[in-house]
Amino acid sequence: MTAIVDIRDLRKVYDGGFEALKGITLSIREGEILALLGPNGAGKTTLISTICGITNPSSGEVTVGGFDVVEQYRGARSLIGLVPQEMSLEPFTKVKDAVSYSRGLFGKPRDDAAIDKILKQLSLWDKRNARVVELSGGMKRRVLIAKALSHEPKVLFLDEPTAGVDVELRKDMWDVVAELKAQGVTIILTTHYIEEAEAIADRVGVINGGQLLLVEEKDALMRRLGQKTLQIELQEPTQAIPETLAGYDLELVSEGQALRYTYDTRGESTGITRLLGDLSAAGLQMRDLLTEQSSLEDIFVGLVKEGAA
(Lines give C-alpha, C1' and ligand atoms only; values in the text may rest on other atoms or scores of the structure.)
Protein backbone atom coordinates (compact mmCIF):
# COMPACT_ATOMS: atom_id res chain seq x y z
CA MET A 1 0.00 0.00 0.00
CA THR A 2 1.26 3.50 -0.89
CA ALA A 3 2.65 5.66 1.92
CA ILE A 4 0.94 9.06 2.06
CA VAL A 5 3.02 10.31 5.02
CA ASP A 6 6.72 9.47 5.10
CA ILE A 7 8.89 10.39 8.10
CA ARG A 8 12.65 9.84 8.06
CA ASP A 9 14.94 10.25 11.11
CA LEU A 10 12.85 13.13 12.47
CA ARG A 11 14.36 15.00 15.40
CA LYS A 12 13.16 17.99 17.38
CA VAL A 13 15.40 19.71 19.93
CA TYR A 14 14.03 22.74 21.77
CA ASP A 15 16.02 25.68 23.12
CA GLY A 16 17.67 24.48 26.29
CA GLY A 17 18.55 21.11 24.80
CA PHE A 18 15.37 19.12 25.42
CA GLU A 19 15.07 16.47 22.70
CA ALA A 20 11.35 15.88 22.13
CA LEU A 21 11.75 13.61 19.08
CA LYS A 22 14.70 11.25 18.79
CA GLY A 23 15.02 10.00 15.24
CA ILE A 24 11.43 8.99 14.39
CA THR A 25 11.09 6.96 11.17
CA LEU A 26 7.58 6.00 10.11
CA SER A 27 5.57 5.40 6.93
CA ILE A 28 1.81 5.92 7.18
CA ARG A 29 -0.19 4.11 4.54
CA GLU A 30 -2.91 5.71 2.48
CA GLY A 31 -6.38 4.91 3.82
CA GLU A 32 -5.33 3.41 7.14
CA ILE A 33 -6.15 4.32 10.75
CA LEU A 34 -2.99 4.61 12.84
CA ALA A 35 -3.31 5.05 16.60
CA LEU A 36 -0.37 6.65 18.43
CA LEU A 37 -0.28 5.64 22.07
CA GLY A 38 2.00 7.10 24.69
CA PRO A 39 1.99 8.72 28.13
CA ASN A 40 1.91 12.49 28.64
CA GLY A 41 5.13 14.05 27.37
CA ALA A 42 5.95 11.10 25.13
CA GLY A 43 6.21 13.27 21.99
CA LYS A 44 2.85 12.53 20.33
CA THR A 45 1.71 16.13 19.96
CA THR A 46 5.19 17.30 18.93
CA LEU A 47 5.22 14.68 16.18
CA ILE A 48 1.80 15.76 14.89
CA SER A 49 2.73 19.46 15.11
CA THR A 50 5.88 18.85 13.10
CA ILE A 51 4.08 16.92 10.36
CA CYS A 52 1.42 19.65 10.18
CA GLY A 53 3.98 22.44 9.90
CA ILE A 54 3.19 24.03 13.27
CA THR A 55 6.64 23.16 14.62
CA ASN A 56 9.82 23.13 12.53
CA PRO A 57 11.96 19.98 12.76
CA SER A 58 15.56 20.21 13.93
CA SER A 59 16.58 17.57 11.40
CA GLY A 60 15.12 14.78 9.30
CA GLU A 61 12.52 14.78 6.54
CA VAL A 62 8.72 14.60 6.40
CA THR A 63 6.65 14.40 3.24
CA VAL A 64 2.86 14.35 2.88
CA GLY A 65 1.57 13.21 -0.48
CA GLY A 66 5.10 13.71 -1.83
CA PHE A 67 5.32 17.34 -0.59
CA ASP A 68 8.10 18.22 1.84
CA VAL A 69 6.48 19.83 4.91
CA VAL A 70 9.22 22.49 5.10
CA GLU A 71 10.21 23.20 1.50
CA GLN A 72 6.73 22.64 0.00
CA TYR A 73 4.60 23.44 3.02
CA ARG A 74 1.63 24.84 1.07
CA GLY A 75 1.21 21.64 -0.92
CA ALA A 76 1.67 19.47 2.19
CA ARG A 77 -0.65 21.54 4.36
CA SER A 78 -3.42 21.50 1.76
CA LEU A 79 -3.64 17.71 2.18
CA ILE A 80 -3.86 17.81 5.99
CA GLY A 81 -6.78 18.30 8.34
CA LEU A 82 -5.97 18.78 12.03
CA VAL A 83 -8.34 18.44 14.97
CA PRO A 84 -6.45 19.87 17.97
CA GLN A 85 -6.95 18.73 21.53
CA GLU A 86 -7.89 22.25 22.65
CA MET A 87 -11.36 23.66 21.94
CA SER A 88 -10.30 26.59 19.73
CA LEU A 89 -13.67 27.86 18.47
CA GLU A 90 -15.24 31.32 18.15
CA PRO A 91 -18.16 31.04 20.60
CA PHE A 92 -20.64 33.37 18.85
CA THR A 93 -20.15 32.10 15.29
CA LYS A 94 -22.82 29.91 13.74
CA VAL A 95 -21.75 26.32 13.11
CA LYS A 96 -22.14 26.46 9.32
CA ASP A 97 -20.26 29.77 9.10
CA ALA A 98 -17.38 28.41 11.21
CA VAL A 99 -16.95 25.41 8.91
CA SER A 100 -17.27 27.49 5.72
CA TYR A 101 -14.67 29.97 7.00
CA SER A 102 -12.14 27.18 7.51
CA ARG A 103 -12.65 26.06 3.92
CA GLY A 104 -11.93 29.58 2.72
CA LEU A 105 -8.68 29.74 4.67
CA PHE A 106 -7.29 27.05 2.36
CA GLY A 107 -8.24 28.99 -0.74
CA LYS A 108 -11.05 26.62 -1.65
CA PRO A 109 -14.00 28.14 -3.52
CA ARG A 110 -17.33 28.39 -1.75
CA ASP A 111 -19.21 25.09 -1.93
CA ASP A 112 -22.37 25.00 0.17
CA ALA A 113 -23.16 21.45 -0.95
CA ALA A 114 -19.79 20.18 0.32
CA ILE A 115 -20.24 21.92 3.68
CA ASP A 116 -23.80 20.59 4.00
CA LYS A 117 -22.53 17.07 3.33
CA ILE A 118 -19.94 17.34 6.11
CA LEU A 119 -22.49 18.74 8.58
CA LYS A 120 -24.89 15.89 7.84
CA GLN A 121 -22.11 13.31 8.06
CA LEU A 122 -21.15 14.55 11.52
CA SER A 123 -24.78 14.86 12.74
CA LEU A 124 -24.46 18.65 12.88
CA TRP A 125 -27.13 19.46 10.32
CA ASP A 126 -29.77 20.26 12.93
CA LYS A 127 -27.26 22.56 14.66
CA ARG A 128 -26.04 24.36 11.53
CA ASN A 129 -27.58 27.69 12.53
CA ALA A 130 -26.78 27.37 16.24
CA ARG A 131 -24.00 29.43 17.75
CA VAL A 132 -21.00 27.45 19.00
CA VAL A 133 -21.53 28.67 22.57
CA GLU A 134 -24.91 26.88 22.62
CA LEU A 135 -23.40 23.45 21.89
CA SER A 136 -22.43 20.63 24.23
CA GLY A 137 -18.79 19.55 24.54
CA GLY A 138 -19.38 16.58 22.25
CA MET A 139 -20.98 18.73 19.56
CA LYS A 140 -18.14 21.26 19.76
CA ARG A 141 -15.73 18.38 19.16
CA ARG A 142 -17.72 17.48 16.04
CA VAL A 143 -17.47 21.10 14.83
CA LEU A 144 -13.68 20.88 15.15
CA ILE A 145 -13.71 17.77 12.98
CA ALA A 146 -16.02 19.46 10.46
CA LYS A 147 -13.65 22.44 10.23
CA ALA A 148 -10.71 20.08 9.69
CA LEU A 149 -12.60 18.31 6.88
CA SER A 150 -13.88 21.50 5.22
CA HIS A 151 -11.10 21.66 2.61
CA GLU A 152 -11.39 17.92 1.78
CA PRO A 153 -8.00 16.75 3.12
CA LYS A 154 -6.46 13.37 2.37
CA VAL A 155 -4.93 13.01 5.86
CA LEU A 156 -6.75 13.75 9.11
CA PHE A 157 -4.94 14.13 12.44
CA LEU A 158 -7.06 13.69 15.56
CA ASP A 159 -5.30 14.75 18.77
CA GLU A 160 -7.31 13.22 21.62
CA PRO A 161 -10.55 13.43 19.59
CA THR A 162 -12.88 12.14 22.30
CA ALA A 163 -11.44 13.96 25.31
CA GLY A 164 -14.32 15.13 27.48
CA VAL A 165 -16.90 13.24 25.43
CA ASP A 166 -19.30 10.81 27.09
CA VAL A 167 -19.28 7.10 26.25
CA GLU A 168 -22.25 7.24 23.86
CA LEU A 169 -20.82 10.14 21.85
CA ARG A 170 -17.40 8.47 21.87
CA LYS A 171 -18.84 5.44 20.11
CA ASP A 172 -20.61 7.72 17.64
CA MET A 173 -17.25 9.32 16.90
CA TRP A 174 -15.75 5.90 16.22
CA ASP A 175 -18.48 5.37 13.62
CA VAL A 176 -17.61 8.72 12.03
CA VAL A 177 -13.92 7.75 11.86
CA ALA A 178 -14.81 4.39 10.29
CA GLU A 179 -16.93 6.18 7.66
CA LEU A 180 -14.10 8.59 6.84
CA LYS A 181 -11.73 5.67 6.40
CA ALA A 182 -14.23 4.04 4.02
CA GLN A 183 -14.04 7.24 1.94
CA GLY A 184 -10.26 6.85 1.67
CA VAL A 185 -9.16 9.38 4.32
CA THR A 186 -5.98 8.45 6.17
CA ILE A 187 -6.46 8.97 9.91
CA ILE A 188 -3.82 9.35 12.60
CA LEU A 189 -5.12 9.66 16.13
CA THR A 190 -3.53 10.08 19.52
CA THR A 191 -5.56 8.88 22.43
CA HIS A 192 -5.48 8.10 26.12
CA TYR A 193 -8.49 5.81 25.69
CA ILE A 194 -6.73 2.60 24.79
CA GLU A 195 -10.03 0.90 24.02
CA GLU A 196 -10.38 3.51 21.27
CA ALA A 197 -7.26 2.23 19.53
CA GLU A 198 -8.33 -1.34 20.11
CA ALA A 199 -11.74 -0.65 18.57
CA ILE A 200 -10.86 1.27 15.40
CA ALA A 201 -7.14 1.22 14.57
CA ASP A 202 -5.52 -0.81 11.80
CA ARG A 203 -2.05 -0.27 13.21
CA VAL A 204 -0.78 0.83 16.60
CA GLY A 205 2.33 2.87 17.28
CA VAL A 206 3.74 3.20 20.78
CA ILE A 207 5.84 6.30 21.47
CA ASN A 208 7.65 7.15 24.69
CA GLY A 209 10.46 9.55 25.51
CA GLY A 210 10.52 10.84 21.94
CA GLN A 211 11.19 7.38 20.51
CA LEU A 212 8.94 5.10 18.52
CA LEU A 213 9.02 1.80 20.38
CA LEU A 214 7.10 -0.09 17.71
CA VAL A 215 4.54 0.18 14.95
CA GLU A 216 2.60 -2.97 14.16
CA GLU A 217 -0.70 -4.27 12.87
CA LYS A 218 -3.05 -4.21 15.84
CA ASP A 219 -4.21 -7.80 15.49
CA ALA A 220 -0.67 -9.08 14.92
CA LEU A 221 0.58 -7.12 17.93
CA MET A 222 -2.02 -8.64 20.19
CA ARG A 223 -1.24 -12.12 18.87
CA ARG A 224 2.49 -11.62 19.28
CA LEU A 225 2.57 -9.99 22.67
CA GLY A 226 -0.79 -11.01 24.08
CA GLN A 227 -0.89 -13.49 26.90
CA LYS A 228 -3.76 -15.47 28.28
CA THR A 229 -4.43 -16.18 31.92
CA LEU A 230 -6.22 -19.22 33.21
CA GLN A 231 -7.88 -18.80 36.58
CA ILE A 232 -8.55 -22.09 38.33
CA GLU A 233 -11.21 -21.77 40.99
CA LEU A 234 -10.84 -24.38 43.72
CA GLN A 235 -13.51 -26.30 45.56
CA GLU A 236 -11.66 -25.68 48.83
CA PRO A 237 -9.26 -22.81 49.57
CA THR A 238 -5.56 -23.50 50.01
CA GLN A 239 -3.04 -21.64 52.14
CA ALA A 240 -0.09 -22.28 49.84
CA ILE A 241 0.79 -23.61 46.41
CA PRO A 242 2.05 -27.22 46.68
CA GLU A 243 5.76 -27.64 45.95
CA THR A 244 4.93 -30.13 43.19
CA LEU A 245 3.36 -27.25 41.24
CA ALA A 246 6.30 -24.84 41.69
CA GLY A 247 7.40 -25.21 38.05
CA TYR A 248 4.21 -23.60 36.74
CA ASP A 249 4.81 -20.16 38.30
CA LEU A 250 1.26 -20.07 39.66
CA GLU A 251 -0.19 -17.15 41.62
CA LEU A 252 -2.50 -17.66 44.59
CA VAL A 253 -5.47 -15.25 44.35
CA SER A 254 -8.90 -14.58 45.86
CA GLU A 255 -7.69 -15.39 49.38
CA GLY A 256 -6.65 -18.89 48.38
CA GLN A 257 -9.86 -19.65 46.50
CA ALA A 258 -8.16 -19.70 43.10
CA LEU A 259 -4.86 -20.15 41.23
CA ARG A 260 -3.84 -17.98 38.28
CA TYR A 261 -1.74 -19.44 35.47
CA THR A 262 -0.30 -17.21 32.70
CA TYR A 263 0.75 -18.80 29.43
CA ASP A 264 2.09 -17.69 26.07
CA THR A 265 -0.36 -18.12 23.21
CA ARG A 266 2.60 -18.47 20.82
CA GLY A 267 4.00 -21.54 22.52
CA GLU A 268 3.85 -25.00 20.99
CA SER A 269 2.03 -26.17 24.11
CA THR A 270 0.15 -24.22 26.75
CA GLY A 271 0.88 -26.78 29.45
CA ILE A 272 -2.72 -26.60 30.66
CA THR A 273 -3.49 -30.32 30.29
CA ARG A 274 -0.38 -31.28 32.27
CA LEU A 275 -1.14 -28.63 34.89
CA LEU A 276 -4.66 -29.89 35.49
CA GLY A 277 -3.35 -33.42 35.92
CA ASP A 278 -0.67 -32.30 38.38
CA LEU A 279 -3.25 -30.20 40.20
CA SER A 280 -5.38 -33.25 40.87
CA ALA A 281 -2.34 -35.26 41.93
CA ALA A 282 -1.50 -32.51 44.45
CA GLY A 283 -4.91 -32.96 46.07
CA LEU A 284 -6.49 -29.74 44.77
CA GLN A 285 -9.97 -30.09 43.30
CA MET A 286 -11.07 -27.72 40.57
CA ARG A 287 -14.50 -26.04 40.70
CA ASP A 288 -14.33 -23.86 37.55
CA LEU A 289 -12.00 -22.45 34.88
CA LEU A 290 -11.89 -18.89 33.54
CA THR A 291 -9.64 -17.61 30.72
CA GLU A 292 -8.78 -14.00 29.91
CA GLN A 293 -6.88 -12.50 26.96
CA SER A 294 -4.46 -9.61 27.53
CA SER A 295 -5.93 -6.33 26.31
CA LEU A 296 -4.09 -3.72 24.28
CA GLU A 297 -3.84 -1.70 27.49
CA ASP A 298 -1.90 -4.49 29.20
CA ILE A 299 0.45 -4.67 26.23
CA PHE A 300 0.87 -0.88 26.09
CA VAL A 301 1.72 -0.59 29.78
CA GLY A 302 4.28 -3.37 29.44
CA LEU A 303 5.95 -1.75 26.44
CA VAL A 304 6.18 1.66 28.10
CA LYS A 305 7.71 0.08 31.21
CA GLU A 306 10.28 -1.72 29.07
CA GLY A 307 11.08 1.49 27.16
CA ALA A 308 11.60 3.41 30.40
CA ALA A 309 13.83 0.73 31.91
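Quick notes
- Residue pairs whose Cβ atoms lie under 9 Å apart, separated by 6 or more positions or on different chains, with the first residue in segment 133-148 and assigned by TED's automatic domain parsing to the domain that holds Lys96 and the second hydroxyl-bearing (Ser, Thr, Tyr) and part of a helix (DSSP H, G or I), are Ala146/Ser102; Lys147/Tyr101; Lys147/Ser102; Ala148/Ser102.
- Any chance Arg224 is under 30 Å from Leu158 (Cβ atoms) and at pLDDT 90 or above: no
- Conditions (1) at pLDDT 80 or above; (2) assigned by TED's automatic domain parsing to the domain that holds Ser59; (3) part of a loop (DSSP other than H, G, I, E, B); number of the one not met by Ile241: (2)
- Residues that are within 30 Å of Ala3 (Cβ to Cβ) and either of a type in the set (Ser, Thr, Tyr) or modelled with pLDDT under 85 (or both), drawn from segment 142-170: Ser150, Glu160, Pro161, Thr162, Ala163, Arg170
- Single residue of Ser102, Ser123 found to be outside any helix (DSSP H, G or I), polar (S, T, N, Q) and within 28 Å of the chain's Cα centre (by Cα): Ser123
- Selected residue (criterion: surrounded by the most Cβ atoms within 10 Å (Cβ to Cβ)) from residues of segment 2-51 that are more than 18 Å from the chain's Cα centre (by Cα) and under 15 Å from Val155 (Cα atoms): Thr50
- The condition (being in a strand (DSSP E or B), farther than 26 Å from Asp202 by Cα and touching a residue at least 24 places away in the same chain (Cβ under 8 Å)) is satisfied by just one residue among Lys22, Lys12: Lys12.
- The set of residues in segment 61-84 that are of a type outside the set (A, V, I, L, M) and crowded, with 17+ Cβ neighbours inside 10 Å comprises Thr63, Gly65, Phe67, Arg77, Ser78, Gly81, Pro84.
The values are calculated or read from the model by the stated rules, or taken from the named source; none is laboratory data. None of these values were measured; they are calculated from a predicted model. So basically every Cβ, Gly included, is an ideal-geometry build from the backbone, and we count neighbours across all protein chains shown.
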